[in-house]
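One structure below.
Values in this text are rule-based calculations from the coordinates and carry no lab data. The structure displayed is predicted, hence computed values, not measured ones. Glycine also receives a Cβ, built like all others from the backbone with ideal geometry; neighbour counts cover every protein chain displayed.
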Amino acid sequence: MKNDKHEQKQYFLHGGDYNPEQWRETPEILHEDLQLMQKAKCNTFSVGIFSWSALEPKEGEYDFSFLDETIANLASIGAKVNLSTPSAAMPYWMAAKYPEIMKVNVDGVRKKFGGRQNFCPTSPVYRKKVREINKKLSERYGRNENVLLWHISNEYYGEPCYCPLCKAKFREYLKKKYGTVERLNHEYWTAFWSHTYSSFEEVEPNGIAGVQLDWRRFTSENYRDFMREEIAAVRRYSDKKVTTNMVTAIYEMDYCKFAGDLDIISFDNYPAWHSPEHLHEAAASAFWHDFFRSLKNAPYLLMESSPGLENWKKYNKLKENGMDKLASMQAVAHGSDGVLYFQWRKSRGDSEKFHGAVVDHVGNDNTRIFRTVQNTGETLEKIAEIAGTNTKRAEVAILFDWENMWAFERSQFAGRKNYRGDVIEAYKFFWNNAIPCDIRNPHDDLSGYKLVVAVDLYMVGETVENNLTEYVKSGGALYAKCFLGMVNENDLCHPRGFPAGKLKEVFGIWNEELDTLYPGDMRKLSANGKEYAITAYEEHIHARGATVLGQYSDGMFSCEPCFTENSYGEGKAYYQAFADDGEFEKDAFERICDALGIKSVCGGVKEKTFGITAHMRTDGKTEYLFIENYTDEASGEIALEIPHEDMETGEIVTSVNLPRYGVRILKTKVKG
Ligand code: GAL
């Protein structure tokens, strides 16, 4: 981030959600906050997120005094504000006067006041109220030099609303998409089970697969439309940048589609550190960082993270010493230009009074967590020159598609279906070997990548089919694992066999049938003179031109192909027809990466155990290397190819040895 027009100094945002409306009766606390913020090296706060009842206590009666004071107070210590629109929680008077703004559940029951993210995204009344308050905020603060960004709403969850207005809007969406009800009947295959509709008005958002898929698409689009209306309102008097805080793994929101409406991507990340799945969580967290960075392929913001525990989880592990700095540097290593927390000061009451915060109930700086945050702040200051740089250009893209996830996980043809989990399993190889990866949508331009990985890409419509075909034809390597191209974009099976259309030629295979294994069942395959375990699935594929690199070695498909390679145009297509325990994929990816000359940013970590990795950011002149140890053991010596400067100590090092949960940030000039 650049400070502002006058001061072109690079710096990282450090701070978090600040909800001073809780402390208006105790001004001494607000005063203490300012002292503590400086001590913690915090410079940016998200304000106004759930402040509607303070800003508009009665309909049409606005009171901006608390925001005026807060922004001025923060400005007095040189801190900036991410100013939020308050739409995530409406005031009581509004819900009481306009009950139609509340969301309706699937059984037709309208929610009552209380909680948050409970509004109907279609409601014209709610949209009008949001536009009004957003315009007021824009008018008053839209040019305020202490306001850095617009923080639009808070975590649009995408939970659907089943009210008559939403359903009517859905039917309009279907009319626009299909034109005629006959077309819709065909695309939904309604002749089966007597589901034929005679008008759009009969379509309810449940039941058949095609409707459910479109209902999800519509719901996500409807929230996006709501967000765009919010953005248009703040833009009325302001040209400040806009973001909305997205969340990892939200099922209902197709975030791939949101990026174009936002200037800066931001997201909230709450991995289960120190859980039995700690190392998996570290890799999954890395995946989501790469996912959000890739949305714009530009620096983004970690908008929320917990400096301690998350009280909404079943088990509440504190971050052990070192973990907060490591988790924060993970964000920076992946391209975040900030480390922000939820929240600055612990609430005294209600839902989140036991959630981790920078300032605890004791209210001073003499706590373990405060010192940790302070330490992270110091590091961010020492490495400030990295802010604004991008990550090292990735040669590998992993595909991820929300619509595919919705269709695949709902489909009734296989046992365990875990799209996000399966994609992350494939990502782990690259993460662990410090190979930069982008996460791309299958519709994106893939031409710059040496290797593209498509896991469980069940839904392949014509555009994706052409995109993948073109990519391989012009020289790319495409690695697909299981379920490739079984249905089109409306969840209709492709006729003439799998994978879809031209992909049979691209991969040189035909996929005849799928066998699902019971949990605990194990089969085997052999490839490259080695035996590997198969879990969960095996597909019965036939080589139609492809070279067979691996064969099933037991079961009814024994001696038949299960891993193939095919040359198509200038490129190559690999097909893995089974789910494995990770071992096979590791060897296969290693061989392919070696053949394609795909490099790690730190060869030294490749020798190390799972959970020790590295990432790189660069401005083209200097390379910034982050070496991270997520394991609970010291890393041992990690050799560097050339000497680097440690950005925190100034030391020149040729190797590093990280303690448990340790991280080092090094730099070196780019040669030439
Ligand atoms: C986020 C939310 C915050 C807070 C936080 C607690 O999802 O945006 O307002 O509730 O979780 O972890």
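At a Förster radius of 56 Å, what calculated FRET efficiency corresponds to the Cβ-Cβ distance of Glu570 and Asn311, to the nearest 0.05?
On the way: r = 54 Å, r/R0 = 0.97.
Calculated transfer efficiency: 0.55.
Let's test the formula: R0 of 51 Å, r as the Cβ-Cβ distance of His542 and Asp261. What FRET efficiency results, to the nearest 0.05?
Numbers: r = 45 Å, r/R0 = 0.88.
Step by step, r from the Cβ atoms, then E = 0.70.
Ratio of alpha-carbon Rg to the 2.2 N^0.38 Å globular estimate for region 275-408, to two decimals, please.
Details: Rg = 16.6 Å, N = 134, 2.2 N^0.38 = 14.1 Å.
The reported ratio for this selection is 1.17.
List the pair-distance distribution P(r) of region 436-520, using every Cα-Cα distance, as the percent of pairs falling in each 10 Å bin from 0 up to the bin containing the longest distance, rounded to whole percents.
17, 51, 25, 7, 0
Mind ordering 643-651, 324-332, 548-556 by average Cβ neighbours within 10 Å, highest first?
Values: 643-651: 14.3, 324-332: 25.1, 548-556: 17.0.
With the highest mean Cβ count within 10 Å placed first, the list reads 324-332, 548-556, 643-651.
Expressed in nm to one decimal, what extension gain is obtained for the pair Glu583 and Thr180 from 0.36 nm per residue of sequence separation less their Cα-Cα distance?
Values: separation 403, 0.36 × 403 = 145.08 nm, distance 4.99 nm.
This chain segment gains 140.1 nm when fully extended.
Could you pull out every one of the aspartates and glutamates with an alpha carbon less than 12 Å from that of Lys608, ignoring same-chain neighbours closer than 8 positions?
Glu628, Glu633, Glu637
Roughly how large, in nm² to one decimal, is the mean projection of the convex hull of the alpha-carbon atoms in region 407-469?
Numbers: hull surface 20.2 nm².
That works out to 5.0 nm², a quarter of the Cα hull's surface.
Work out the FRET efficiency for Ser194 and Phe113 from their Cβ-Cβ distance, taking R0 = 41 Å, and round it to the nearest 0.05. Provide the component values of the computation, followed by the final result.
Numbers: r = 42 Å, r/R0 = 1.02.
Efficiency, rounded to the nearest 0.05: 0.50.
Using only the alpha-carbon atoms of region 190-264 as identical scatterers, what base-10 log of I(q)/I(0) does the Debye formula give at q = 0.19 Å⁻¹?
With one equal scatterer per Cα and no solvent, log10 I(q)/I(0) is -0.84.
What is the Rg over Rh value, at two decimals, for region 365-496, using alpha-carbon atoms and the Kirkwood definition of Rh? Don't skip to the end; give the middle numbers.
Working: Rg = 19.6 Å, Rh = 17.2 Å.
Expressed as Rg/Rh, it is 1.14.
What is the Cα coordinate range of region 449-606 on the first, second and third principal axes, sorted by size from largest, in whole angstrom?
That gives 40, 40, 26 Å along the principal axes, largest extent first.
Quick one: in the chain, what % of C-alpha pairs are over 38 Å apart? Write down the numbers at each step before the final one.
Working: 89009 of 225456 pairs.
Counting every Cα pair in the chain, those more than 38 Å apart make up 39 percent.
Starting with the highest mean, order 122-129, 215-222 by the number of other Cβ atoms within 10 Å, averaged over the residues of each peptide.
Working: 122-129: 18.1, 215-222: 21.4.
So the order, starting with the most tightly packed, is 215-222, 122-129.
Run the helix sum for the chain: -39,500 (n - 2.57) per DSSP H stretch of 4+ residues, divided by residue count, reported at 222 nm to the nearest 500 deg cm²/dmol. Working shown, then result.
On the way: 17 runs with 205 residues, N = 672.
Dividing the helical sum by the residues of the chain leaves -9500 deg cm²/dmol.
Using a cut-off of 13 Å between beta-carbons, work out the net charge of the residues near Glu172 (Lys and Arg +1, Asp and Glu -1, Glu172 not included). Intermediate results must be reported in sequence, preceding the final value.
Values: positive: Lys167, Lys169, Arg171, Lys175, Lys176, Lys177; negative: Glu201, Asp214, Glu221, Asp225.
Its environment carries a net charge of +2.
Any idea what the relative contact order of region 552-619 is, in percent, if you count C-alpha pairs under 8 Å spaced at least 6 apart?
Values: 36 pairs, mean separation 9.9, N = 68.
This gives 15 percent for region 552-619.
Quote to one decimal, in nm, the extra length available between Glu159 and His443 on full extension: 0.36 nm per residue of separation minus the C-alpha distance between them.
Details: separation 284, 0.36 × 284 = 102.24 nm, distance 2.53 nm.
Gain on extension, Glu159 to His443, equals 99.7 nm.
Could you compute the net charge surrounding Asp268? Neighbours are other residues with a C-beta less than 9 Å from the C-beta of Asp268; K and R count +1, D and E count -1. Write down the numbers at each step before the final one.
Details: positive: none; negative: Glu155, Glu304.
Value of the local net charge: -2.
Total Lys pairs in region 336-490 closer than 25 Å by alpha-carbon, pairs eight or more apart in sequence or interchain only?
10
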